[in-house]
Amino acid sequence: MPDLFTVVIIKILTNTFIAFTLNRLGVGSILINLFLKDENMKIAFMIGLLFSISTVKANIVAESFYIKNTDPSYFRLLKSRPELTIDHVEKNGFEIYGPKGLGKFLTTNNIPHFSMKIASLSAVRGYPSPEETATELKSVTDMYPDLAQMVSIGKSVKGRDLWVVKLSKNVKVNDDRPEFKYIANMHGDEIVGRELMMRLIKDLLANYGKDPVITNLLDRAQIYIMPSMNPDGAAAVTRGNAKNVDLNRDFPDYTTSDNKDVTTGRAPETAAVMNWQKGHNFVLSANFHGGAEVANYPWDAIAEKFPNEDYIKELCLEYATLAPYIGASTAFDNGITNGFAWYKVNGGMQDWSIRYRKDLQITIEVSNTKWPDYSKIDYYYAQNKLAMLKFMERAIP
Ligand SMILES: [Zn+2]
């Protein structure tokens, strides 16, 4: 007959195992609240949680909500959940993403939450579809065969091509001129970046040989622009890809156990960018997001100071100053922020690019509203154009 101590230990271990397994499956959140009535179970669950923190990859974004900062305990509780992703933390609240069941979990825990779905289809209307975007890209690049080349670097979950446009004098020749890149719309519901890229491509091509800044850029650098890394998400107006994977939590991260620079187990969109980047030597890049207005510098995953922090801050400051609405931010000092100081991101593209590919990258959040009325796009382009050109120039020694 085992003594009481042994019984308790066995019970705790068993419960830990159950809690851990449920937690890994992403359903723990609901069940735990239903079943964890006694303290032993709660302790066991906490232990299970500790074990699982380093192994659960928080990149499933099947459900999304906005939480208002009415009670600081909400943030603490949600931050402790390894399967959840917190994003765009601001004074009034934050976004929360997670697997199916997140909404029920929030309800069970009495956390007030608001849907982030685009309120009406009329907001979506007016924007080109991914197919229309690709057609337009093709007709524009076809007009300038010596300056523009359109290449598919892979396919999305739903089989859509992932288009990249190279812009440069003698575009078909790959030479020693520095390589630069912009990537936008990796979060499908953050659409402004894609539209900025489409306008930028057209501007660069139409004004080569006319505008000295643009001519110099295309003469002296090899510019690559990927308007949409997540066309499936753009089509469905979702953050994740067609399998609800958050592409900006899907890259290798040296600070976690998912640190191998291999594409196995990653979304096809992530794998495409990783493979593409192998064949290039990008010296500078930026990736465009929405939901805030700020230029974000590394690191995102760790508090450690970036080795070249003065320089990267200067680049962000320059961007924010030249994009006046970002520089005038009331939420961020001068419209810039360190990534980690804002909120921690694991598996992000920015840190991966720098750490694994020596490609200096910043993250630019271009609009507080992720999917604004289409008529606002020209305003955003006018506000960002100079900043985007100047940032590209920084790739030229
Ligand atoms: Zn984003």
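What follows draws every value from the coordinates through simple rules; no lab data is involved. Because the structure is a prediction, the values reported are computed rather than measured. Neighbour counts are summed over all protein chains in view; Cβ atoms, including those assigned to glycine, are modelled from backbone coordinates with ideal geometry.
Full extension of the segment from Ala303 to Asp175, taken as 0.36 nm per residue of separation minus the current Cα-Cα distance, would add 42.3 nm.
Shown here for segment 188-229: trypsin sites (Lys or Arg not before Pro) in loop regions (DSSP other than H, G, I, E, B) with at most 14 other Cβ atoms within 10 Å, namely Lys210. Extending 7 Å from the Cα toward the beta-carbon at both Thr108 and Met143 defines two label points whose distance is 5.6 nm. Sparse packing (at most 15 other Cβ atoms within 10 Å of the Cβ) combined with a DSSP loop state is found for the following GluC sites (Glu not before Pro) in segment 300-379: Glu304.
Here segment 97-225 is treated as a Stokes sphere of Kirkwood radius computed over C-alpha pairs; at 10 °C and 1.306 mPa s its diffusion coefficient rounds to 92 µm²/s. Note on segment 125-393: Kirkwood hydrodynamic radius from all Cα pairs is 18.4 Å, rounded to one decimal. Largest first, the three principal axis extents of the alpha carbons in segment 131-183 are 35, 22, 16 Å in whole numbers. Beyond a 19 Å Cα-Cα separation, which of these cross-linked pairs lie in this structure: Lys100/Lys344; Lys278/Lys385; Lys278/Lys390; Lys181/Lys202; Lys166/Lys278? Distance filter (> 19 Å) returns Lys100/Lys344; Lys278/Lys385; Lys278/Lys390.
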